[in-house]
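Enquirer: Submitted below is the structure of interest, expressed as structure tokens.
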Amino acid sequence: MFKPRYIITNKLLANIKRIAEVTAGFNNRSFSKVMLHKMERRAREVSAYSSTSIEGNPLPLTEVKKILKNRPEHIRDSEKEVLNYNKALVELDKLIKADKIILNINWLKKIQAMTTEGLIEKYKMGHIRKEPVFVNNPRMRKTIYWPPDQQEVAPLLKDLFEFLDKNTKKIDPLILAGIFHKQFVIIHPFMDGNGRTARLATKVLLAKMGLDTFNLFSFENYYNQNVARYFHKVGLIGNYYDLKDKIDFTSWLEYFTDGIIDELLRVKKELEKEAAGPEFALKDYHKKLLEFIKEKGFIVDKDYAQLTNRSKPSRNLDFRKLISLGLIIKVGKGKATYYKLK
């Protein structure tokens, strides 16, 4: 039976409260469809770059953006890693929105196969390892962690998912997601692709629990800012069997929630910057129009003319802009035309 050891410290409690506050702020605001699409694309770029960079991929963010925009004709392994991760982000996001994914051992296998396709031998793709593995520090050029034996991987994963199922309504989702992330890395269930799979699976888990990090956020970005610290917090140093009864998740959970806050605030700043730009900025008359619809349920051109001193051509442009931003929709034709919130 998996019973992780951790303490709800004042810092961890404050982090969870802060995340709830910032998330509520996002949910209470309306952003244009065009702007959100732009931010979603940017988040995927940052995630694909950061998560592969953590594992040693040398491609800079500028190059990653080019690759995702225009797939190279002849693909190197470093480029394939980025393309795989981006493809996994897109596919998993679609499945989450369609509510067609339940995170379990089979889905872990599928996620790992997505990230490693074309990069490792087929027998290692989508299969729990049947061989011992070692985690090496590339800078020190020596082994720093010996994961559990291969015959224990499946039972340990089973215990982990049973723990999640039993505590879904008892323990805060952020704590559950953090525990899952670290325990997955400790188990190290695959021959390759464990880090990328852990981060993608954690995204899925958070989304299923109500915090969708696929569209706008990239907590991988936080980890990539100091990879050594991430590895120190998420992993172990030594032999699993010497350490398993001493593992404490507290420090990692504080770091894990720190990362989500950091990323939420970064995205909030970017959204506000985008919203203030000429492409997306709303004038006072736009805001009056939207407030009228929120209060009355819809608006016609005659109502808008009484709200402002805008000319007929200008009012038409205003309606078109709000439609293009995905904030309102046009209903009816001719004199029966009215507008309501999308």
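No value in this document is a laboratory result; all are computed from the given coordinates. All of these numbers come straight from a predicted model, not from anything done at the bench. Here Cβ is always computed from backbone atoms with ideal geometry, including for glycine, and neighbour counts include all displayed protein chains.
Enquirer: Between Ile75 and Ile144, what is the label-point separation in nm under the 7 Å Cα-to-beta-carbon projection?
Expert: Output for this residue pair reads 3.0 nm.
Enquirer: Continuing with this model, one more query. Roughly speaking, what is the centre-to-centre gap between the range 75-125 and the range 176-254 when only Cα atoms are used, to the nearest Å?
Expert: Taking the Cα centre of each part, the range 75-125 and the range 176-254 sit 17 Å apart.
Enquirer: With charges only on Cβ, +1 for K and R and -1 for D and E, what is the dipole size of the range 284-341 about its Cα centre, in debye, rounded to 20?
Expert: Numbers: 14 positive and 6 negative charges, 44 e Å.
Charge dipole, the range 284-341, about its Cα centre: 220 debye, nearest 20.
Enquirer: Using a ≥ b ≥ c from the Cα gyration tensor of the range 211-342 (square roots of the eigenvalues), is it rounded, prolate or oblate, where a/c under 1.5 gives rounded and otherwise the larger of a/b and b/c decides, a/b for prolate?
Expert: Details: a/c = 4.78, a/b = 3.60, b/c = 1.33.
Prolate is the answer for the range 211-342, as a/c is 1.5 or above and a/b outweighs b/c.
Enquirer: Turning to a different aspect of this structure: Mean separation of Cα pairs under 8 Å and 6+ residues apart, divided by the residue count of the chain: what relative contact order is that in percent? Walk me through the intermediate numbers first.
Expert: Details: 387 pairs, mean separation 79.4, N = 342.
That works out to 23 percent.
Enquirer: Please enumerate, by chain and number, the lysines with C-alpha under 19 Å from the C-alpha of Lys330, excluding those fewer than 8 residues away in the same chain.
Expert: By straight Cα distance, Lys330 reaches Lys33, Lys287, Lys288, Lys294, Lys296, Lys302, Lys312, Lys321, Lys340, Lys342.
Enquirer: Also, quick follow-up: Just check the range 1-90 against the gyration tensor rule for me: Cα atoms, a ≥ b ≥ c as the square roots of the eigenvalues, rounded for a/c under 1.5, and otherwise prolate or oblate depending on whether a/b exceeds b/c. Present the calculation step by step, with values, prior to reporting the outcome.
Expert: Values: a/c = 3.12, a/b = 1.47, b/c = 2.12.
Since a/c reaches 1.5 but b/c is at least a/b, the shape of the range 1-90 is classed as oblate.
Enquirer: To continue, here is another question. Going 7 Å from the Cα of Thr250 toward and past its Cβ, which residues in the range 7-48 have a backbone nitrogen under 14 Å from where you end up?
Expert: 7-13
Enquirer: Please compute the modelled spin-label separation between Asn136 and Ile171, points set 7 Å along Cα→Cβ, answer in nm with one decimal.
Expert: 3.4
Enquirer: Full extension from Lys38 to Leu307: what is 0.36 nm times the residue separation minus their Cα-Cα distance, to one decimal in nm? If you can, show how the numbers build up before the last one.
Expert: Details: separation 269, 0.36 × 269 = 96.84 nm, distance 3.17 nm.
Contour length minus Cα-Cα distance gives 93.7 nm.
Enquirer: Whole-Hz ³J(HN,Hα) for each residue in the range 231-244, computed from phi via Karplus 6.51 cos²θ - 1.76 cosθ + 1.60 with θ = phi - 60°, x for glycine and proline: what do you get?
Expert: Residue by residue, the range 231-244 yields 4, 5, 6, 8, x, 10, 10, x, 9, 3, 6, 7, 10, 4 Hz.
Enquirer: Another question, then. Pull up all non-local amide H partners of Ile328: gap of 5 or more, or a different chain, and H-to-H distance under 5 Å with H placed in the peptide plane.
Expert: Ile323, Lys342
Enquirer: Here's a follow-up. So what's the back-of-envelope 222 nm ellipticity for the chain, counting only DSSP H runs of four-plus at -39500 (n - 2.57) apiece and dividing by all residues, rounded to 500? Spell out each step's value before the answer.
Expert: Numbers: 15 runs with 206 residues, N = 342.
About -19500 deg cm²/dmol.
Enquirer: Quick check for the range 59-157: number of Lys pairs with alpha-carbon distance under 16 Å, counting only pairs 8 or more apart or on different chains?
Expert: Taking the range 59-157 as the scope, the lysine pair count is 19.
Enquirer: So what is the relative contact order for the range 34-136, in percent, with contacts set as C-alpha pairs under 8 Å and at least six apart?
Expert: Values: 65 pairs, mean separation 23.1, N = 103.
Taking the mean separation of contacting Cα pairs over the length of the range 34-136, I get 22 percent.
Enquirer: Also: Using a 10 Å cut-off on Cβ atoms, rank the peptides 170-177, 46-53 from the highest mean neighbour count down.
Expert: Values: 170-177: 17.9, 46-53: 25.4.
The packing order, highest mean first, is 46-53, 170-177.
Enquirer: From the phi of every residue in the range 115-127, what ³J(HN,Hα) in whole Hz does the Karplus formula 6.51 cos²θ - 1.76 cosθ + 1.60 yield, where θ is phi - 60° and glycine or proline is x?
Expert: Couplings: 6, 10, 3, x, 10, 9, 4, 4, 6, 9, 8, x, 10 Hz.
Enquirer: For helix 194-208, what angle does its Cα long axis make with the longest principal axis of the chain, in degrees from 0 to 90 and rounded to 10?
Expert: 40
Enquirer: Using a ≥ b ≥ c from the Cα gyration tensor of the range 284-341 (square roots of the eigenvalues), is it rounded, prolate or oblate, where a/c under 1.5 gives rounded and otherwise the larger of a/b and b/c decides, a/b for prolate? It would help to have the intermediate numbers written out before the result.
Expert: Working: a/c = 1.16, a/b = 1.06, b/c = 1.10.
Rounded shape, in that the Cα axes give a/c under 1.5.
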